[in-house]
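Bear in mind that the values in this text are calculations on the coordinates, not laboratory data. Just so you know, these numbers come straight off a predicted model, no measurement behind them. Cβ sites come from the backbone with ideal geometry, for glycine too, and all protein chains shown count toward neighbours.
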Amino acid sequence: MKTIPFVGASYKDDTRPFDQQSCINYIPEMSGNQNARSPALLRGVPGLKKQVDAGDGAVRGLHDVEGTHFMVRGTTLYEVKSDWTLVSRGTVSGAGRVSMTHNTFGGGYQMTIVNGLQGYVYNTNTQVLTQITATAFPGSIICDYIDSYTVHVAPDLIRWFNSELADATQFSSTDFYEAEASPDSLISLLVDHLEVWLFGTRSIEIWQDNPTETAVFQRAQGIFIEQGCAATYSPASLDNGIFWFGNDGKVYRSAGYTPVVVSTPSIEQAMAGLDWSKAFSMVWSDRGHKVYYLSFPDGPTFGYDVSTQLWHQRKSYNQNNWRVSALSYWNGQWVAGDALDGRLYTLDWNTFAEDDMPLVAERTSPYMTDAQNRLFQSAMEFVMDTGQGALNGDNYLNLAYSDDGGRNYSNWKQRSLGAVGQYGLRVQFYRLGSFRNRLFRLQVSSPVKRDLIAVSASFQEAA
């Protein structure tokens, strides 16, 4: 047998005979060592380890205030204690996503929460949540923090504004601004490297804290980005850059002030026809991976890994997308909030399920072909870290194949991944028939380690 290309990214094209690769709940990872067993492997994603039971609604937002963790679930703001008990801290109206940020105040902190209309501030000293009632506060669709100010985009999508210095509850009618270089509507805002990025539907402006007698912030002269944003919650900072979902259906990363496309044509095809305005982003960084996740309530969840510049998908059982609605790094671990029932999880590399639901990892290979010559396949072997499963050995790899461009697949063929201690178990398949162009689909749903190191196969050309 000879090694065949199998590890790779999601790349499923509308033209089926061109490419139909998928990479679901796997992350392609390069070895970084030329003497490794293979140049790359498929790493199984961390599972969801439940820490807090389902509750009074979906998780609408998570935020770490310098070591104290908060969650908005349903209409309640909770403080999450280190033992995972919840303490109610007040009511936040609405049902959609919230934006959260914080600033120092009186020896403690103020945490701002906005829901698209209303704004709230939680004081960590008094442990009281109050609604912002300042006359000059018009409401907010998104907020962030810079230089002791909270900054907001107003619901009219025309103005953005800042709070008073070091007080997130007070506002002045003089601290309002409009994007000046283009008449398009504002859709989002993000603070990065001490600059306020204002995302419009067709353009982006950069503003800086440069006080004058009449205004705190000034537009950065000579900087104007002619690329818009499609979704309020899509911009995110990661790897010293900014990522966002563009108004043209592409995903961008900033290179300085230059927008660089990081999405592929196949990812863009998959996003076409979805409700772009509802897309939201999350970022996650662990074990050398830095991933920008873009999730659609009516479609898939796509992940772009900065370390490899490759895309994968996250998908929960019986869903088209990942059930996670928010990610937050707190207390040395990644915390995930559930979009369906409000559970809280930690992302755990040694958990191979999503609480009580299977975590199904799936890889559809590149096409195996030899210039349309008919090939007979006598054998195939998957190199995996076997012997890591349950004591009963009831852990399997499933394999199916398609010879018609992924329209139809064979019945699943199943091989054991071994019980505990069955290290080096060979995962082999035989008598796989003949084909001219073939796709292979690997699937692991058992709660067992599923990292794929290499694949070998034996082909013979027909006489």
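Per residue, the Cα convex hull of segment 102-164 amounts to 76 Å³. All Cα-Cα separations within segment 300-344 were binned at 5 Å from zero, giving a P(r) of 6, 19, 21, 24, 21, 9, 2, each value a whole percent of the pairs.
Here the Kirkwood formula puts the hydrodynamic radius of segment 292-377 at 15.3 Å, using every distinct Cα pair.
Write down Rg/Rh for segment 1-108, rounded to two decimals, with Rg from the C-alpha atoms and Rh from the Kirkwood relation over Cα pairs. A ratio of 1.19. Overall, the chain carries a charge dipole of about 2160 debye about its Cα centre when +1 sits on the Cβ of Lys and Arg and -1 on the Cβ of Asp and Glu, all other atoms neutral.
Taking 20 Å as the straight-line reach from the Cα of LYS81, the aspartates and glutamates in range (excluding those fewer than 8 positions away in the same chain) are ASP53, ASP56, ASP64, GLU66, ASP338, ASP341, ASP348.
Filter LYS12/LYS50; LYS49/LYS290; LYS50/LYS290; LYS250/LYS315; LYS49/LYS449; LYS290/LYS449 down to the pairs with a C-alpha to C-alpha distance above 27 Å, please. Listed pairs above 27 Å: LYS12/LYS50. Taking a ≥ b ≥ c as the square roots of the Cα gyration tensor eigenvalues, with a/c under 1.5 meaning rounded and otherwise prolate when a/b beats b/c, else oblate, which class fits segment 168-310? Note, shape of segment 168-310 comes out prolate.
Note on segment 146-212: Cα Rg divided by 2.2 N^0.38 Å, N the number of residues, gives 1.06.
Computed over the chain, the alpha-carbon pair-distance distribution with 20 angstrom bins reads 23, 50, 23, 4, 0, each value a whole percent. The percentage of C-alpha pairs in segment 421-463 whose separation is greater than 13 Å is 72%.
The HN-Hα couplings worked out from phi for segment 367-375 by the Karplus form 6.51 cos²θ - 1.76 cosθ + 1.60 (θ = phi - 60°) are 5, 9, 7, 9, 6, 6, 6, 6, 10 Hz, whole numbers, x standing for Gly and Pro. A cut-off under 11 angstrom between Cβ atoms defines the neighbours of TYR396, and their net charge, with Lys, Arg +1 and Asp, Glu -1, is +2.
The mean of 1/r over all distinct Cα pairs in segment 58-184, once inverted, gives the Kirkwood hydrodynamic radius of 14.8 Å.
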